[in-house]
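J.: Can you read through this structure? Questions will come right after.
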Amino acid sequence: MTAGGGASGAFITLEGGDGSGKSTQAAMLQAWLEGEGRTVMRTREPGGTPLGIEIRRLVQHTEGHVAPRAEALLYAADRAHHVATLVRPALERGEVVVQDRYLDSSVAYQGAGRELDGAQIRDLSLWATDGLLPTLTILLDIDPAVGRERMARRADAPYDRLEETGLEFAERVRAAYLRLAEAEPARFAVVDASGTPDEVHASVVSHVRAILDAQR
């Protein structure tokens with residue numbers, strides 16, 4: 001399994017439950033990195049490519065049941081295309097890729113949340129991406145109840161099928177994320193996401209700076 005990044009590229013992913021602030025922190029991190037003189041490609045899964053946008057619509061914003069294995073395979077298909085067409089080329093150019101969700105989301109959501117085999121889900125994603133792992137994964141950790149309250153306050157939020165799964169589902173997802181972080185401490189950095197955006201950003205930057213300094 002290969003780690004993300006070439007000589008100067010870096011693959012940074014942001015993970016966490018709904019309402020943890022991934023999109024906000026990804027935007028703030030991009031601005032900070034560009035201020036440091038780095039070329040940044042910010043993307044997300046699913047939805048980082050035209051194919052991904054369609055898959056995102058199918059699995060997140062379509063009412064009705066989607067079989068858990070079908071859901072996992074759709075995410076893996078998006079991931080394979082996304083890495084091949086966007087992520088690897090950017091890393092090869094020496095850019096920093098800042099991505100909202102990656103394979104750990106599948107392990108947490110389709111594995112623990114949907115109660116599939118997490119190891120099988122991870123193996124599927126690694127096969128789909130030819131073994132690409134992030135340089136650094138920021139886990140924005142927040143109490144699921146608080147995260148759902150944040151999501152409920154978003155007037156512009158589209159229908160999301162995952163929001164119908166309930167608090168127990170969200171708690172299983174959070175526990176799975178924390179187990180992943182404990183199992184791979186060299187790749188994961190767990191950040192308390194309950195603070196203000198600026199407070200969370202400061203913590204995120206401290207971890208990212210350490211990774212970039214180590215590459216020099």
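The values are calculated or read from the model by the stated rules, or taken from the named source; none is laboratory data. Computed from a prediction, not measured in an experiment: that's the story for all the values here. Quick reminder, even Gly has a Cβ in these numbers, built from the backbone with ideal geometry, and neighbours come from all protein chains shown.
J.: Which condition from (1) crowded, with 16+ Cβ neighbours inside 10 Å; (2) under 26 Å from residue 66 (Cα atoms) is the one that residue 127 breaks?
T.: Going through (1) crowded, with 16+ Cβ neighbours inside 10 Å; (2) under 26 Å from residue 66 (Cα atoms) one by one, residue 127 breaks only (1).
J.: Any idea which of 57, 122 is at pLDDT 90 or above and not aromatic (Phe, Trp, Tyr)?
T.: From the options 57, 122, the qualifying one is 122.
Each row is one residue, and each column tells you yes or no for (1) under 19 Å from residue 83 (Cα atoms); (2) free of Cβ contacts under 8 Å to residues at least 60 places away in the same chain; (3) basic (Lys, Arg).
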position	(1), (2), (3)
19	no, no, no
26	yes, no, no
33	no, no, no
39	yes, yes, no
43	yes, yes, no
47	yes, yes, no
51	yes, yes, no
58	no, yes, no
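Okay, residues lined up against (1) of a type in the set (Asp, Glu); (2) within 23 Å of residue 8 (Cα to Cα); (3) surrounded by fewer than 20 Cβ atoms within 10 Å (Cβ to Cβ):
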{"residue": "72", "(1), (2), (3)": "no, no, no"}
{"residue": "83", "(1), (2), (3)": "no, yes, no"}
{"residue": "104", "(1), (2), (3)": "yes, no, no"}
{"residue": "116", "(1), (2), (3)": "no, no, yes"}
{"residue": "123", "(1), (2), (3)": "yes, no, yes"}
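J.: What residue, of 83, 66, 97, is part of a loop (DSSP other than H, G, I, E, B) and β-branched (Val, Ile, Thr)?
T.: Answer to the selection: 66.
J.: Is there a residue being at pLDDT 90 or above, within 25 Å of residue 191 (Cα to Cα) and touching a Leu at 6+ places or on another chain (Cβ under 6 Å) anywhere in the range 87-94?
T.: The answer is no; no qualifying residue exists.
J.: OK, next. Would you mind telling me which numbered condition in (1) surrounded by fewer than 17 Cβ atoms within 10 Å (Cβ to Cβ); (2) touching a Leu at 6+ places or on another chain (Cβ under 9 Å); (3) assigned to a helix (DSSP H, G or I) residue 59 fails?
T.: (1)
J.: Considering each of 58, 29, 73 in turn, give the residue that is out of contact with any Asp or Glu (no Cβ under 6 Å at 6 or more places or on another chain) and within 21 Å of residue 187 (Cβ to Cβ).
T.: On inspection, the qualifying residue turns out to be 29.
J.: For residues in the range 132-164 being surrounded by fewer than 12 Cβ atoms within 10 Å (Cβ to Cβ) and not in a helix (DSSP H, G or I), which is modelled with the lowest pLDDT?
T.: 159
J.: Is there a residue in the range 12-22 that is modelled with pLDDT of 95 or more and hydrophobic (A, V, I, L, M, F, W, C)?
T.: Within the range 12-22 (the criterion being modelled with pLDDT of 95 or more and hydrophobic (A, V, I, L, M, F, W, C)), the answer is yes, since at least one residue qualifies.
J.: Then there is this: Among all residue pairs at least 6 apart or on different chains, which show Cβ distances below 7 Å where the first residue, located in the range 191-214, is in a helix (DSSP H, G or I) and the second is among the hydroxyl-bearing types (Ser, Thr, Tyr) and surrounded by 11 or more Cβ atoms within 10 Å (Cβ to Cβ)?
T.: Listed by first residue and then by second, the contacts come to 197/24; 211/135.
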